[in-house]
Amino acid sequence: MDKSKRSLLKSTRPFRRRLPPLQSGDRIDYRNMSLISRFISEQGKILSRRVNRLTLKQQRLITIAIKQARILSLLPFLNNEKQFERAKSAIRTAGFRGFRTKKQ
């Protein structure tokens, strides 16, 4: 068998099916923080449906639950401490500039 015919044959490696991220008993609710936190990135962004492997309906329900949890302060809107620290230092340096007197 030559290389061109060999590439057309299917792989002999077995296909491993991944488990769905949501089981049938899981309730998508804003209070279920262990479930919701699986679908949020480290920065606090909602992960896409392709990454989550969810159906369209499940992704909509997850998004609504995350937004409700954010409004009720159960989840932060942003979870980026580096950006927060950078903003703090910028405020401090801007404060020092205000105390300088202008030379005439």
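The values are calculated or read from the model by the stated rules, or taken from the named source; none is laboratory data. Note that the coordinates shown come from a computational prediction; the quantities given were computed from them, not determined experimentally. Note that each Cβ is placed from the backbone with ideal geometry, even for glycine, and that neighbours are counted across all protein chains shown. Only protein heavy atoms, including side chains, enter the accessible area calculation; ligands, DNA and RNA are left aside. Shrake-Rupley method; radii C 1.70, N 1.55, O 1.52, S 1.80 Å.
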Any residue at all in segment 37-44 that's at positive phi and surrounded by 13 or more Cβ atoms within 10 Å (Cβ to Cβ)?
yes
I'd like to verify a number: residues in segment 63-89 that are open to solvent by less than 60 Å² (accessible area, probe 1.4 Å), part of a helix (DSSP H, G or I) and modelled with pLDDT of 65 or more, how many?
5
Residues of segment 9-39 being closer than 20 Å to K57 by Cα and either outside any loop (DSSP other than H, G, I, E, B) or among the hydrophobic types (A, V, I, L, M, F, W, C) (or both), in sequence order, are L19, L22, I28, M33, S34, L35, I36, S37, R38, F39
Determine if segment 40-55 includes at least one residue that is in contact with an Asp or Glu (Cβ under 9 Å, 6 or more places away or on another chain), assigned to a helix (DSSP H, G or I) and modelled with pLDDT of 90 or more.
no
Qualifying positions in segment 11-36 - surrounded by fewer than 12 Cβ atoms within 10 Å (Cβ to Cβ) and of a type in the set (D, E, K, R)
R13, R16, R17, R18, R27
In segment 53-62, residues that are touching a Leu at 6+ places or on another chain (Cβ under 9 Å) and either open to solvent by less than 50 Å² (accessible area, probe 1.4 Å) or within 21 Å of L78 (Cβ to Cβ) (or both) total 2
